[in-house]
Amino acid sequence: MSGLQEALLSGAFSVSAELGPPMSADAEFVRKKARALKGLCNAVNITDNQTAIVRMSSIAASCLTLSEGVEPIMQMTCRDRNRIAMQSDLLGAYALGIRNVLCLSGDHQVFGSHPESKNVYDIDSIQLVRALSDMKKKKCFINGKPMKFPPEFFIGAAANPFADPYELQMIRLHKKIEAGAEFIQTQAIYDLEKFEKWMEDVRAAGLHTKAYFLAGILVNKSVKSIEMSAQVPGIEIPQELMNRMRSAQSAEEEGKRIALSLIERISKIQGVSGIHIMAVGWESAVPEIIERSTLKSKS
């Protein structure tokens with residue numbers, strides 16, 4: 001059982017952060033980022049060729065993170081591998097000590113550094129969750145063939161409370177949890193009213209009793225950063241927050257204050273079991289956010 005799973009099972013309000021591997025073979029890059037987060041969060045997401053840009057593999061970066069005493073959540077996208085490669089990588093990752101996996105579809109390759117590449121999408125993220133669950137519970141591969149020593153990952157999936165059509169996104173959330181997702185990490189949250197309504201629907205369906213929900217917080221460093229965030233499909237940013245960033249004497253400090261205020265309110269919403277902090281290209285801000293928030297006392 002992973003440390004993240006143990007913390008959530010105990011009822012502790014949990015914290016995860018994000019670590020983006022380098023666009024190189026620089027192991028120290030990963031180690032340094034991992035050391036900065038040690039002791040501050042329950043686990044750290046290791047992204048899998050985020051935004052479809054070639055980076056060090058999530059498996060390798062997860063192992064480096066683990067070697068620094070920080071528990072990784074290895075992301076796996078369906079964009080780049082068929083079911084044979086996925087199952088092989090999962091067996092290898094578990095053998096290397098990785099215990100958490102976040103199943104994702106993956107950003108489309110046309111937005112990345114190799115737009116001419118072919119995607120795979122042999123299976124989707126819901127089917128990947130099901131495959132992991134079957135490995136764990138039925139001790140078998142996707143084809144039904146049994147295995148002697150199955151990987152028993154803590155299985156995660158993603159959800160977007162703000163994407164359209166709303167009804168379809170809620171159906172997909174149901175399917176992911178029914179397939180075996182044990183924790184859910186959400187897209188970055190700015191609009192608290194809409195997120196509270198989404199969590200009402202989650203509670204009404206009883207989904208918060210079947211999976212743990214970790215709410216996403218994106219820390220913006222600049223006006224350009226929050227404007228770019230607003231362009232991401234499924235992210236809605238109230239005009240009030242945009243204005244705060246534009247009028248602030250220090251955009252960096254204001255971005256931290258916005259993140260801290262969102263964390264404070266979200267942590268009080270029934271059914272939310274933790275926070276997932278993202279600071280793309282600004283990971284150095286994450287330890288300060290955790291230290292300045294109430295998260296350390298909750299975890």
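The values are calculated or read from the model by the stated rules, or taken from the named source; none is laboratory data. Everything numeric in this text was worked out from a predicted model, so none of it was measured. Here the Cβ positions follow ideal geometry from the backbone for every residue, glycine too, while neighbour counts run over all protein chains shown.
One residue alone among ALA211, ALA163 is touching a residue at least 24 places away in the same chain (Cβ under 8 Å), surrounded by fewer than 19 Cβ atoms within 10 Å (Cβ to Cβ), touching a strand residue (DSSP E or B) at 6+ places or on another chain (Cβ under 9 Å) and within 28 Å of LEU262 (Cβ to Cβ), and that residue is ALA163. When the test is whether a residue is surrounded by fewer than 20 Cβ atoms within 10 Å (Cβ to Cβ), part of a helix (DSSP H, G or I) and of a type in the set (S, T, N, Q), THR51 passes it. The set of residues from region 227-278 being touching a Gly at 6+ places or on another chain (Cβ under 9 Å) and within 23 Å of ALA43 (Cβ to Cβ) comprises SER267, SER273, ILE275, HIS276, ILE277, MET278. Of everything in region 86-125 that is β-branched (Val, Ile, Thr) and more than 22 Å from SER67 (Cα to Cα), the residue that is nearest to the chain's Cα centre (by Cα) is ILE123.
Of all residues assigned to region 1-14, at least one qualifies as being part of a loop (DSSP other than H, G, I, E, B) and closer than 18 Å to GLU152 by Cβ. Condition first: buried (at least 24 other Cβ atoms within 10 Å of the Cβ) and in contact with a Cys (Cβ under 8 Å, 6 or more places away or on another chain). Can you find one or more residues in region 17-33 that meet it? Yes, the conditions are met somewhere in region 17-33. Tell me whether region 124-135 contains one or more residues that are within 28 Å of MET23 (Cα to Cα), surrounded by fewer than 21 Cβ atoms within 10 Å (Cβ to Cβ) and in contact (Cβ under 8 Å) with a residue 24 or more places away in the chain. The answer is yes; a qualifying residue exists. Report yes if some residue within region 227-235 is at pLDDT 95 or above, within 23 Å of VAL15 (Cβ to Cβ) and part of a helix (DSSP H, G or I); otherwise report no. So far as region 227-235 goes, no, none of its residues is at pLDDT 95 or above, within 23 Å of VAL15 (Cβ to Cβ) and part of a helix (DSSP H, G or I). Of everything listed in (1) charged (D, E, K, R); (2) free of Cβ contacts under 8 Å to residues at least 24 places away in the same chain; (3) surrounded by fewer than 20 Cβ atoms within 10 Å (Cβ to Cβ), the single unmet condition for GLU264 is (2).
The single condition among (1) of a type in the set (A, V, I, L, M, F, W, C); (2) farther than 26 Å from SER267 by Cα; (3) assigned to a loop (DSSP other than H, G, I, E, B) that VAL70 does not meet is (2). Kindly evaluate LYS118 against the criterion of being more than 26 Å from LEU214 (Cα to Cα), out of contact with any strand residue (DSSP E or B) (no Cβ under 7 Å at 6 or more places or on another chain) and charged (D, E, K, R). In short, yes. When ALA179 is tested against (1) buried (at least 17 other Cβ atoms within 10 Å of the Cβ); (2) over 22 Å from ALA131 (Cβ atoms); (3) out of contact with any Pro (no Cβ under 9 Å at 6 or more places or on another chain), exactly one condition is not met: (2). Selection of region 235-245 for residues being over 14 Å from GLU193 (Cα atoms) and surrounded by fewer than 13 Cβ atoms within 10 Å (Cβ to Cβ) yields only ASN243.
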